[in-house]
Amino acid sequence: MSVITQTQALDVPSAILKRRSIKTFKSDPIAPELLKQLVELTVAAPSSFNIQDWQIILVQDEAQKAALSAASWNQQQIIQAPVTFVFAADPKAGEQDLTPVYERALETGAWNEGTVNYFKNAIPQFQASLGDKQREYAIKDAIIAATHLVLAAESLGLSTCFMNGWIEDQVKAVIGASEDPDLAIAVLVPVGYAAEPRLNPGRLPLSANVSVDRIGNPYQG
Ligand SMILES: Cc1cc2nc3c(=O)[nH]c(=O)nc-3n(C[C@H](O)[C@H](O)[C@H](O)COP(=O)(O)O)c2cc1C
C-alpha cells in the first residue's frame with residue numbers, strides 16, 4: 001500500500017487533535033483509491049490473537065443509506081456522507097477455522113509453527129473462558145479498528161463521526177445480518193468531506209479521570 005499524496009497526510013498527533021465529530025457532510029464522493037487506502041488502514045488495526053473478528057460493511061448505495069439512517073434515529077450524516085462504515089463484531093470468530101490467519105502469519109514469518117500450534121490450543125480455550133463476555137471482547141476489536149479508520153481519515157483530509165445512536169436489530173436488517181443471532185453491531189462511522197466547522201467541546205482536567213497507580217490518586221501532569 002502506498003500513501004496517496006494528493007494531500008499532505010497529517011501526522012498522528014495532529015490528526016488526533018484536529019479530529020471533530022462532524023454532523024454535516026458534503027455529498028462529494030471519496031476517490032476509490034482513497035477509500036481503498038482507508039479500508040486497508042482500518043484493517044491494519046490489531047485484534048485479540050489477530051483473529052480480526054470484525055465484519056465491516058461500507059454502506060454507499062442511496063437506498064441502503066436511507067435505510068441505515070432510518071435505523072439510526074434519522075441521523076442525516078449517513079444520508080449526506082458518501083459512505084458509512086458499519087463495524088460489526090463476530091463473537092464466534094475465535095471458534096471458527098483460523099487456518100487463513102495462521103497461514104498468513106507463517107507466510108510473513110511473524111509466527112513459526114510453534115506459535116501456531118500454541119494458538120491452536122490457546123485461542124479456543126481463551127474464547128471459551130470468556131463465556132458471556134465473548135460479545136464484549138469482539139466489540140473491543142471492532143472499536144479499535146473504527147478508531148484506526150477515524151484517525152486515518154482525518155490524516156488524509158476526510159472527516160468522520162463515531163455513532164452509537166441506532167437500533168441494533170434494524171441496523172442488522174439493513175446489512176443483511178438478521179439471521180445471525182451472534183453478530184453484534186459495534187459502531188457506525190460516516191466518512192466524507194465536512195460541510196461545517198466544528199469546535200472542540202473540550203475535555204475535563206486530567207485530574208478528573210486520570211489516576212496514578214490507583215483510582216482516586218489523580219494524575220497532576
Ligand atoms: C462511541 C461514540 C458514539 C457517538 N454517537 C454519536 C451519534 O450517534 N451521533 C452523533 O451526532 N454524535 C455521536 N458521537 C459524537 C460525540 O458526541 C462527540 O464525540 C463528542 O461530543 C466529543 O466531540 P468531538 O468528537 O468533536 O471531540 C459519538 C461519539 C462516540 C465516541
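Kindly establish whether residue 120 is away from the ligand (no atom under 16 Å from the Cβ) and in contact with a Leu (Cβ under 9 Å, 6 or more places away or on another chain). Criteria met by residue 120. Only residues that are farther than 24 Å from residue 39 by Cα and β-branched (Val, Ile, Thr) were counted across the stretch 123-176, and they come to 2. The residue that is nearest to the chain's Cα centre (by Cα), counting only those in the stretch 154-170 that are of a type in the set (S, T, N, Q) and in a strand (DSSP E or B), is 160.
Among the conditions (1) away from the ligand (no atom under 12 Å from the Cβ); (2) closer than 21 Å to residue 77 by Cα; (3) outside any helix (DSSP H, G or I), residue 201 misses just one, which is (1). Scanning the stretch 168-197 for residues that are within 17 Å of residue 24 (Cα to Cα), touching a strand residue (DSSP E or B) at 6+ places or on another chain (Cβ under 7 Å) and of a type outside the set (A, V, I, L, M, F, W, C) returns 190, 192, 193.
Taking the stretch 18-97 as the region of interest, the helices (runs of 4 or more DSSP H) fully inside it that hold 3 or more residues being under 16 Å from residue 193 (Cα atoms) are 32-42, 77-80. Among the conditions (1) within 16 Å of the ligand (Cβ to nearest atom); (2) in a loop (DSSP other than H, G, I, E, B); (3) over 22 Å from residue 143 (Cα atoms), residue 221 misses just one, which is (1).
If you go through the stretch 47-70, how many residues are within 19 Å of residue 170 (Cα to Cα) and either β-branched (Val, Ile, Thr) or surrounded by fewer than 23 Cβ atoms within 10 Å (Cβ to Cβ) (or both)? Step through it out loud before you land on a result.
Here is the first cut: in the stretch 47-70, the residues within 19 Å of residue 170 (Cα to Cα) are 54-70.
Filter again for either β-branched (Val, Ile, Thr) or surrounded by fewer than 23 Cβ atoms within 10 Å (Cβ to Cβ) (or both), leaving 55-67, 69-70.
Of the residues in that region, 15 qualify.
Across the stretch 8-17, which residue is nearest to the ligand (Cβ to nearest atom) among those that are in a helix (DSSP H, G or I) and surrounded by 13 or more Cβ atoms within 10 Å (Cβ to Cβ)?
16
Among the listed residues 186, 208, 173, identify the single one that is of a type in the set (A, V, I, L, M, F, W, C), loosely packed, with under 12 Cβ neighbours inside 10 Å and not in a loop (DSSP other than H, G, I, E, B). Going through 186, 208, 173 in turn, the sole match is 208.
The single condition among (1) more than 13 Å from the chain's Cα centre (by Cα); (2) more than 20 Å from residue 64 (Cβ to Cβ) that residue 173 does not satisfy is (2).
FYI, it's all coordinate maths here, none of it is from the lab. Computed from a prediction, not measured in an experiment: that's the story for all the values here. Here the Cβ is made from the backbone with ideal geometry for all residues, glycine too, and neighbour counts use every protein chain on show.
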